[in-house]
Amino acid sequence: MAKNEEAVTRIIEAQADVIYGVLADYKNHHPNILPDIYFDGLEVLEGGFGAGTRMKVLAVIKGSKQTLEMGVEEPRPGRVLTETDLNGGMQTTFEVVPLGDDKSEVTITTAWPPARGFQALFNRFFLAGYVHRMLEAEMELLDDYVTRLDN
């Protein structure tokens, strides 16, 4: 079965290495792009920059809080970074493509395993829209944050 996923893509007026540096730095920068309405903290457990980082994230889903333990990998260092829920299989991928002239295309994709029964209905009618709004909010914060850093 295919995974369910939502993605958001945006052109950001900043250099790719600046954007990627923000995404990969879980101690200093990445917490600044997490929307408060969807996240209530990030704690680095191991590492802190790029591949090998392990962290706990407190996610807020429909008013309830859920602690996620995430592992970070860099399938294409400097371009693609993944965060994987070590207990649930959800994965968020950040891809940064330089476009020249201090512009980059950024795509954030979150994918989760398929479900059955009531959980499948919940995912279809609630989770997909919720994840999309969360990705839009995170992309907006990323755009604002890196634009200020890059100028």
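Some notes on this structure:
- Given (1) loosely packed, with under 13 Cβ neighbours inside 10 Å; (2) over 24 Å from Tyr20 (Cβ atoms); (3) among the charged types (D, E, K, R), number of the condition Asp40 does not satisfy: (1)
- Here Thr82 passes the criteria (1) part of a strand (DSSP E or B); (2) among the hydroxyl-bearing types (Ser, Thr, Tyr); (3) closer than 23 Å to Asp144 by Cβ except the one numbered (3).
- A count restricted to the stretch 92-119 and to residues that are among the hydrophobic types (A, V, I, L, M, F, W, C), modelled with pLDDT of 95 or more and under 17 Å from the mean Cα position of the chain (by Cα) stands at 5.
- Of Gly71, Gly21, Gly89, all but one fail to be at pLDDT 95 or above and more than 13 Å from the chain's Cα centre (by Cα); the exception is Gly21.
- Taken over the stretch 50-92, the criterion of being in contact with a Gly (Cβ under 6 Å, 6 or more places away or on another chain), among the aliphatic types (A, V, I, L, M) and more than 17 Å from Val131 (Cβ to Cβ) is satisfied by Leu86 alone.
- Here is the figure for the stretch 35-65: residues that are assigned to a strand (DSSP E or B), in contact (Cβ under 8 Å) with a residue 24 or more places away in the chain and either within 20 Å of Ala137 (Cβ to Cβ) or among the aromatic types (Phe, Trp, Tyr) (or both) total 5.
- Some residue of the stretch 93-115 being exposed (fewer than 13 other Cβ atoms within 10 Å of the Cβ), outside any loop (DSSP other than H, G, I, E, B) and among the polar types (S, T, N, Q): no
- Test for Leu68: is it among the aliphatic types (A, V, I, L, M), touching a Pro at 6+ places or on another chain (Cβ under 6 Å) and assigned to a strand (DSSP E or B): no
- Looking only at residues in the stretch 122-151 that are of a type in the set (Lys, Arg) and either closer than 24 Å to Ile12 by Cβ or modelled with pLDDT of 75 or more (or both), the one that is surrounded by the most Cβ atoms within 10 Å (Cβ to Cβ) is Arg133.
The values are calculated or read from the model by the stated rules, or taken from the named source; none is laboratory data. Here the structure is a predicted model, which is why all the values come from computation and not from measurement. Don't worry about glycine lacking a Cβ; one is built from the backbone with ideal geometry, like all the others, and counts go over all protein chains shown.
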